[in-house]
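Just so it is clear, none of the values below were taken in a lab; they were calculated from the coordinates. Since the model is a prediction, treat every value here as computed from it, not as a measurement. No Cβ is skipped: glycine too gets one built from the backbone with ideal geometry, and neighbour counts run over all protein chains shown.
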Amino acid sequence: MANIYKILFTGPVSSGKTTAIQSLSDIGVVHTEAAASDDVKTLKPTTTVAMDYGLMRLNNGDQVRLYGTPGQKRFDFMWDILARDALGLVLMLKADASSPVDDLRTYVGEFRELIDKTALVVGITHTDRATPEVRRRVANELVSMQLPPAVMDTDARNRTHVAALVNALVYSISPFL
Amino acid sequence: MNRVLLAGLTTRDSAAMDILIGMTWRNLECITLERQLSKSMALDLPEQDAAARACQICIVDLAGLGLRNHSAKAESRLLEFLAERPALLLLRGDGNGWLNSKLARPPSPLHQFVAAPYTAAKIRRALDSARRAAGLAEPSDHRPHPEKPARQEAVSAPAWKRALAFRSTRDKASARQAPLDESGLEPVFQAFPELRDQRQLRFINKLLLSSDAQLLKVGKVIKILLHPAEGWLATTQSLTKLGRLQNHPAVATSVETIPVPDSQVESVARECYGRDYQRLQLPLDLAVWELASEAISGLDLSRYNNIGFQLTCLPNLAHIRHVRPIDIQLSVICARVPQTIDSLINAFDRNRADVLRFVALSLAAGLARTWPASGHEAVSSAPPLESEPLKSSDQHGFFRSLLDKLLN
């Protein structure tokens, strides 16, 4: 019987979660977006309010559901729901945010239980707008939080990049495939 | 620190088991006993030294101990070897009588038979029971999900993060070791002494020896602004062109190097590349990885000095050209658990060249901390044999299918 697995994408507003899911999904991503009504509006006109949903169909019949969390904190009640049963967490961080390291701490704190049970990989997006040092700083912070420094620069639009992230996630969970 | 004795396993299985356990439990460390041959050149029970006898749990490959077939005598010898310690007993096929023995019936956490091919999840579950039987279990570890038993194997992946190497005894031991000289490409040269004479690497090394910013001028056109302390270089040239450039015999002698004070880096960058110079910045580790990859392409790296290392940052895998799945696999493993070159080769003995290339490039790119290999790692060596470690299962099939999908 086919199994259904879940990978969760999270990160701040406009960090590329939806785009990353779109890059991997076999179906058009199901959005639950709405017009942004607060300061998010300055970043993008619409934002995910409940979740994004994409799907990968595997040759063995299994399916991987790709869920993106809402970026705005006031929808964070969805985070726990989406985190349930997830295989692992992909955290997208914007290199040009005011403090990507602070964002990292926030999201690791929120999802620590899931990370402890499964695995975390971090993709740094918008790297063309920031210093290349961001990846190192995030790696150092991961180590200081006693997590593996599994971080790489990522263009969420590029399927190969996002696949490399998920690939690293898979090997984090099962190192000897 | 609690210890698990690995006995009778092949080199590859031992190394894989060592890594798996190291990634899963923070308080478990493996001690490996090499396979031993009797006078008649048959596999036999090895002698246990004090460290082996002090282990609280055993993982033994029955065939590798010369106990492939069950008999009263074999059972007695095994029990004497185990000395009442909880054990995972690895066997093949129908068990050659072991599954009908007193040890197997009724099933007991003290003696758990695990038939090959065994999966990582199967080993983790069995070892969890053994840990409880030995009084070592921590209730919060490796908790199955209460609501979705069908997905339990995937969801209940272990709390490996707690097992991160820097929290382990092995890591503490490595941290106590004086690090190798990590200036420039020195770690690469320490591990692969023959590369010291490689022209392109000598050139890269020269660039990396200073942590101060510098402007390199090659001829009248090519300008490379290098800032090792901030981890970037800026150039209008592609990495492919830089690779070709470093191959040119005259480049090492024709490069003009101009030191740039920190206070002038930005103005020099604007002068060379315009106001948008940031779009021309490349992570230095990525650039060095690509250039070193070009430099060592086709070279035989098989003569190496064993060293210990652990990645402090993953290679920039999404951006590296020609990245292979094994690069990702090795990156993840080496970011979690301190390794030696020997231990990696043991675990990936069919990918020896890939492992050596990965190590050389990781060291070149400055992604690892390094230390001289100590006696500790030497315990994980034993003669190679045939078995397939940690393979096959629904979960394995799922992950394989997922990787196939991601690669296509």
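For B:Lys73 and B:Asp181, FRET efficiency with R0 = 51 Å and r from the beta-carbon atoms, rounded to 0.05? It would help to have the intermediate numbers written out before the result.
Details: r = 55 Å, r/R0 = 1.08.
Efficiency at R0 = 51 Å is approximately 0.40.
Distances between placed amide hydrogens fall under 5 Å for B:Val114 paired with B:Leu89, B:Leu90, B:Leu91, all partners being 5 or more residues away or on another chain.
Shape verdict for region A:48-177, please, from the Cα gyration tensor: rounded (a/c under 1.5), prolate (a/b greater than b/c) or oblate. Judged from the Cα gyration tensor, region A:48-177 comes out rounded (a/c under 1.5).
Say R0 is 30 Å: what FRET efficiency, to the nearest 0.05, do B:Gln278 and A:Asp26 get from their beta-carbon distance? Don't skip to the answer; put the middle values down first.
On the way: r = 36 Å, r/R0 = 1.20.
Step by step, r from the Cβ atoms, then E = 0.25.
Peptide B:312-325 is shielded by partner chain Cβ atoms: per residue, an average of 6 of them sit within 10 Å of its Cβ. Since only B:Thr32, B:Leu89, B:Gly66 are under comparison, the one whose Cα sits farthest along the positive direction of the charge dipole of region B:22-130, derived from C-beta charges on Lys, Arg, Asp and Glu, is B:Leu89.
Shape call for region B:186-255 from the C-alpha gyration tensor, a ≥ b ≥ c root eigenvalues: rounded (a/c under 1.5), prolate (a/b greater than b/c) or oblate? Oblate, because a/c is 1.5 or more while a/b does not exceed b/c. Between A:Thr125 and A:Leu93, A:Lys94, A:Ala95, A:Thr154, the built amide H atoms are under 5 Å apart, and every one of these is 5 or more places off in sequence or on another chain. Magnitude of the charge dipole for region B:222-318, about its Cα centre and with charges confined to Cβ atoms of Lys, Arg (+1) and Asp, Glu (-1), is about 220 debye. Here B:Tyr304, A:Tyr107 are placed in order of increasing Cβ neighbour count within 10 Å, fewest first, which gives B:Tyr304, A:Tyr107. Put a plus charge on the Cβ of each Lys and Arg, a minus charge on the Cβ of each Asp and Glu, and nothing anywhere else: the dipole of region B:1-130 about its Cα centre is then about 280 debye. Remark: mean inter-chain Cβ contacts per residue of A:3-12 equal 2, using a 10 Å Cβ-Cβ cutoff to other protein chain atoms.
Which of the pairs A:Lys94/B:Lys122; B:Lys39/B:Lys102; A:Lys17/B:Lys241; A:Lys94/B:Lys206 have their Cα atoms more than 32 Å apart in this structure?
Numbers: A:Lys94/B:Lys122 38 Å; B:Lys39/B:Lys102 30 Å; A:Lys17/B:Lys241 34 Å; A:Lys94/B:Lys206 34 Å.
Cα-Cα > 32 Å for A:Lys94/B:Lys122; A:Lys17/B:Lys241; A:Lys94/B:Lys206; rest within.
Counting Cβ atoms of other protein chains within 10 Å of each residue's Cβ and taking the mean over peptide A:123-132 gives 4. Each Lys and Arg adds +1 at its Cβ and each Asp and Glu adds -1 at its Cβ; summed about the Cα centre, region A:79-177 shows a dipole of about 200 debye.
When you filter the GluC sites (Glu not before Pro) in region B:22-60 for DSSP loop state and at most 10 other Cβ atoms inside 10 Å of their Cβ, you are left with B:Glu47. Note on region B:231-338: dipole from Cβ charges, positive end direction compared against B:Asn306, B:Leu242, B:Pro325; the farthest Cα belongs to B:Pro325. Between B:Ser297 and B:Gln237, the distance separating the two model label sites (each 7 Å from Cα on the Cα→Cβ line) works out to 1.5 nm. Cβ crowding within 10 Å, taken as a proxy for footprinting-reagent exposure, orders B:Ile296, A:Ile4 from fewest neighbours to most as A:Ile4, B:Ile296. One Cα centroid belongs to region B:320-350, the other to region B:58-108; the line between them spans 33 Å. Is the shape of region B:277-356 rounded, prolate or oblate, going by the alpha carbon gyration tensor and its root eigenvalues a ≥ b ≥ c, with a/c under 1.5 for rounded and a/b larger than b/c for prolate? Here region B:277-356 falls in the prolate category. As a rough guide to protection, the peptides B:278-284, B:102-108 ranked by mean Cβ packing within 10 Å, highest first, stand as B:278-284, B:102-108.
I'd like to compare B:286-294, B:76-84, A:95-103: which one has the highest average count of other Cβ atoms within 10 Å, and what's the full order after that? Let's see the in-between values first.
Working: B:286-294: 23.3, B:76-84: 14.6, A:95-103: 16.7.
Per-residue mean Cβ counts within 10 Å order the peptides as B:286-294, A:95-103, B:76-84.
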